[in-house]
Each structure stands twice: as C-alpha cells, then as structure tokens.
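Written out below as structure tokens is the structure these notes cover.
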Amino acid sequence: MDGNTHIWLAALLGFALGSVPFGLILTRAAGLGDVRDIGSGSIGATNVLRTGNKGLAAATVLLDAAKGVVPVLVAAHFWPGTQGIAAVAAVAGHCFTPWLKLKGGKGFATAAGVLLALAWPLMLICAGIWALTLAVSRISSVSSMTTVVAAPLVAWGLGYSAVIWPLIAIAVIVLFQHRANIGRLMRGEEPKVGQKK
C-alpha cells in the first residue's frame, strides 16, 4: 500500500474509534437516561458527572482517553508517520460523532489520550498545567482550553516538532467545541466545579 492509503487508513481508524459515544452508552446502560438531556448536552465525562454518578464519569474519562490512545498506537505500528493523522481524526470523531448527527463531546479526554500516545513526557507536563489551572480557576472548561492551547507550545519548547501541527489542529477542534463555554465565560455565567449548571 502507498503512503496515501496509509493516511486514509489511519484517519478512518481514528475517526471510527473516536466516534464511539461511551458517555451516552454508559449512562443509558446504567438507567440514567440520555446524558444529552442534562447540563451542556455533551456526551463527555464532565456532563456525565452531572448525573451524580462519579464512577460512570471516571469510566467515561478512561474510555474516551482510550479512544485516543489506541488509534495512535495502531497507526504508529502499522503505518509509521501517520500517528498525527490518527490523533486528529480520533478527536474529530469524538466531537462530531456521525451516529449522533455530528454532535459529540468537547474532545478533551480524547485529546489527552492521543497526547499520551504521541509523547508521554509532554502529556505529564500538560497534566500539570491542567491541574494547576483547575485549582486556580475551579472551572473545567478553562482548564481544558488552557491545556490544549498550551500543548503545541510545550511541544515546540521540548522539541517534539512532529506533533506540533496535529496538536494545533486538535486545539482548534476543542476550542470550537467549547464555543458555548467561551460565551458563558465572557458573560460570567460559566459554572465552577461542583456548582450546578
């Protein structure tokens, strides 16, 4: 197979795995209804947490992150050089799930998963940025957006040149998915962690 075929395979794998709506599947299986009917309407872990089930929220984080880890590792093994394509596609699949009329989550957990698979030292630093920002702001969306914006800058500073452009693309997707949050932040209406939306 030629290089273009490898790129398409990596993109399709990433998008297909990324599009599995674990947050929705888990909440329905637990008898909690449709998670899209509460809070932000997202299928991500932050919104799953609004059901009051911390275990389901934790499981959603892990599974959404795995959606990023698996395609990147598979692409690296079978089609070296296409990891960045698989990474961006996984986040896009999560955010624009075809099974849910192109509506999905905010993309942060899956972005964290691809970052772990692309460059784990970079992931550790970004985890620190996320934790510090959350501790200071107490706003989940602020910590998520700050981290994805910082990721390509940190990658550049540490010399991970191969992942800079994929991380920029992922940051654009995640910021787009947070556009409603940005509006609420500007109006001073964005809820803090533990506060009802």
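A few comments on the model shown:
- For the range 143-155, the Karplus equation 6.51 cos²θ - 1.76 cosθ + 1.60, evaluated at θ = phi - 60°, returns couplings of 5, 5, 5, 4, 5, 5, 6, 6, 3, x, 5, 5, 4 Hz by residue, with Gly and Pro reported as x.
- Cβ-based exposure ranking for I25, I170, I85, in which fewest neighbours within 10 Å come first: I25, I85, I170
- Pairs of Cα atoms farther than 31 Å apart, the chain, %: 14 percent
- Sum of -39500 (n - 2.57) over DSSP H runs of 4+, divided by residues of the chain (222 nm, nearest 500): -22500 deg cm²/dmol
- A Gaussian network model of the chain, with springs between Cα atoms under 10 Å, assigns the largest mean-square fluctuation among W99, W79, W120 to W99.
- Cβ-defined net charge surrounding T97, 14 Å radius [Lys, Arg +1; Asp, Glu -1]: +3
- For the range 1-68, the relative contact order comes to 29 percent (Cα pairs under 8 Å, sequence separation of at least 6).
- Remark: relative contact order (the range 69-197) = 24 percent; criterion is Cα-Cα distance under 8 angstrom and separation of 6 or more residues.
- Fewest-first sequence of K101, K192 by Cβ atoms within 10 Å of each Cβ: K101, K192
Just so you know, all these numbers are worked out from the coordinates, no wet-lab data involved. All figures in this text were calculated on a predicted structure; none of them were measured in a lab. Note: ideal-geometry Cβ built from the backbone for every residue, glycine included; neighbour counts use all protein chains shown.
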